[in-house]
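K.L.:
Following this message is one structure expressed as structure tokens.
The values are calculated or read from the model by the stated rules, or taken from the named source; none is laboratory data. Quantities reported herein were computed from a predicted structural model and do not represent experimental measurements. Every residue, glycine among them, receives a Cβ derived from its backbone with ideal geometry; neighbour counts consider all protein chains shown.
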Amino acid sequence: MANITRIYWLRHESSRTEATWEVIARSAVLQDNASVHTARVSRQALNDTGFSEIDHPPYSPDLAPSDYFLFQFKKELRGRRFVDDNQMKMAVESHFEGIFFGRFEGVIHQM
């Protein structure tokens, strides 16, 4: 899967080789049911860009992959005191550098 920023770059900034279009064709977007995501204009823009959209069930709390790893992150930060914003930023970046893409993919397949 790819995100919208990646799709934009592939569409507008790359050399637009055949491989580029193959990546776009294999890409999909999962959005929640916020009105800006379900609006006809938004859906048409996604369709025009060339990638598919994965429907989000209206009342399904188990579809946010972040739910599966952010709680552990919260536990890691509990009780810690940071001297300044930079120290906190370093702790957050360190945590997210340790999360591999495969972990996200595995969580998505568990849903």
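K.L.:
Of all residues in region 23-55, count the ones that are out of contact with any Ser or Thr (no Cβ under 7 Å at 6 or more places or on another chain), in a helix (DSSP H, G or I) and at pLDDT 70 or above.
P.N.:
Final tally of qualifying residues: 13.
K.L.:
While we're looking at this one, here's another question. Can you name every residue in region 28-54 that is among the acidic types (Asp, Glu) and more than 17 Å from the chain's Cα centre (by Cα)?
P.N.:
Passing the criteria: only Asp48.
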